[in-house]
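Asker: I have a structure here, written as structure tokens, and I will follow up with some questions on it.
The values are calculated or read from the model by the stated rules, or taken from the named source; none is laboratory data. Quick caveat: nothing in here was measured; it's all calculated off a predicted structure. Virtual Cβ from ideal backbone geometry, glycine too; neighbours counted across all protein chains shown.
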Amino acid sequence: MVTAAIWEIGLPVFSAVTVALVGVLTRKTDDRLAYIALLNFTIVLLALPMLPFAPWPTPKAWWLLLASTVVHWVYQLNMIRTLAMGDLSLAFPIMRGLAPLMIAVVATLVLNETQSALAWTGLGIATLALIGFGFVGHRFRNEATHPDIFLSAIATAICVAAYTTIDAAGVRAMHTGDGWGFVVWFFVLGGAPAIVNGLYLRRSSLVKTLETTWKPSITAGILSLFSYGSALIAMGMYPVAHVAAIRETSIVFAAVFGWLILGESFGTIRVALAAIVVGGLFILKLS
């Protein structure tokens, strides 16, 4: 039982740390379109050697793979747009902080996962604290912040909720014990639109662009493979809403990384908010 609890918490926390690092790398990159294309290409290269050993998807899983590919592409385009509008410490909490509550609602409707009143309370507390990270200490009249960042971040959060639910359903649509096969097939096929789109739009300056983006792109690709792979494995074993809520503590890690790496502010209020996030997740775990 202790081992199960370690996996239930450890996999999403690992995913949170790595996805936060990907957010930092994305924010630091100038040509994000080329960056995303190479990131996805890296994931494909890493996943391809596993493909011959991966179980064949069920008919339902194939349809979910197709849906996931489209939603992930839309998500990546929205993420690029959102991160270009303002500080990582503002954009990231909004677009990731709303996701757990949205995922819980969708999982309840689509995956028939039920949450107790205590669980909804914990989710609500954690969500408000996570979003709070984006507002603390931010100067909203800063010229570097685009006024549409909130709408763009909400659209991105909707995409996160959509692809998370779709992918969790895909893992569960596989035969018993074959859920990891969906993960492999997703990594091989899911990034195709972003790769084609990036290569087409950057075809005239591809070599020059790759010279400046290949290091962060490959690093982010490796991190993304382990980050989302661990999250999907966890979602195949545990309630999606619980895994998503723990994973979105990436906001806390992103704020820390933004402070340490990008020189963005952190402050004592965010320390208090981090404690509230942990409290909300503790309530969720007790439910």
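Asker: Look through segment 164-183, keep the residues that are in a helix (DSSP H, G or I), farther than 17 Å from residue 225 by Cβ and of a type in the set (Val, Ile, Thr), and return whichever of them is modelled with the lowest pLDDT.
Answerer: Result: 165.
Asker: Still on this model: Among all residue pairs at least 6 apart or on different chains, which show Cβ distances below 9 Å where the first residue, located in segment 245-266, is outside any loop (DSSP other than H, G, I, E, B) and surrounded by fewer than 18 Cβ atoms within 10 Å (Cβ to Cβ) and the second is among the β-branched types (Val, Ile, Thr) and modelled with pLDDT of 75 or more?
Answerer: Close Cβ pairs (under 9 Å, with a partner that is among the β-branched types (Val, Ile, Thr) and modelled with pLDDT of 75 or more) amount to 261/24.
Asker: Still on this structure: Only one of these conditions is not met by residue 187: (1) surrounded by fewer than 22 Cβ atoms within 10 Å (Cβ to Cβ); (2) at pLDDT 85 or above. Which number is it?
Answerer: Going through the list (1) surrounded by fewer than 22 Cβ atoms within 10 Å (Cβ to Cβ); (2) at pLDDT 85 or above, residue 187 breaks only (1).
Asker: If a residue must be in a helix (DSSP H, G or I) and either of a type in the set (Asp, Glu) or under 29 Å from residue 26 (Cα atoms) (or both), how many such residues does segment 91-114 contain?
Answerer: Of the residues in segment 91-114, 16 are in a helix (DSSP H, G or I) and either of a type in the set (Asp, Glu) or under 29 Å from residue 26 (Cα atoms) (or both).
Asker: Are any of the residues in segment 198-218 under 21 Å from residue 16 (Cβ atoms) and of a type in the set (A, V, I, L, M, F, W, C)?
Answerer: Within segment 198-218 (the criterion being under 21 Å from residue 16 (Cβ atoms) and of a type in the set (A, V, I, L, M, F, W, C)), the answer is no, since none of the residues qualifies.
Asker: Starting from residues that are under 26 Å from residue 259 (Cβ atoms), modelled with pLDDT under 80 and not aliphatic (A, V, I, L, M), keep the ones in segment 114-139 and report whichever is surrounded by the fewest Cβ atoms within 10 Å (Cβ to Cβ).
Answerer: 139
Asker: Inside segment 196-217, can you point out the residues that are β-branched (Val, Ile, Thr) and surrounded by 18 or more Cβ atoms within 10 Å (Cβ to Cβ)?
Answerer: Listed by number, the residues that qualify are 209, 213.
Asker: Let me ask you something else. Give the number of residues within segment 202-244 that are out of contact with any Leu (no Cβ under 7 Å at 6 or more places or on another chain) and either among the charged types (D, E, K, R) or without any contact (Cβ under 8 Å) to a residue 12 or more places away in the chain (or both).
Answerer: So the count comes out to 7.
Asker: So in segment 174-183, with the set limited to residues that are out of contact with any Gly (no Cβ under 9 Å at 6 or more places or on another chain) and touching a residue at least 12 places away in the same chain (Cβ under 8 Å), which one is nearest to residue 40 (Cα to Cα)?
Answerer: 181
Quick grid of which residues meet (1) crowded, with 19+ Cβ neighbours inside 10 Å; (2) part of a loop (DSSP other than H, G, I, E, B):
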position	(1), (2)
16	yes, no
24	yes, no
36	yes, no
45	no, no
49	no, no
56	no, yes
64	yes, no
77	yes, no
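Asker: Still on this structure, I have one more. May I ask you to list pairs of residues, at least six apart or on different chains, whose Cβ atoms are under 9 Å apart, with the first in segment 120-133 being over 12 Å from residue 97 (Cβ atoms) and of a type in the set (Lys, Arg) and the second being buried (at least 24 other Cβ atoms within 10 Å of the Cβ) and modelled with pLDDT of 80 or more?
Answerer: none
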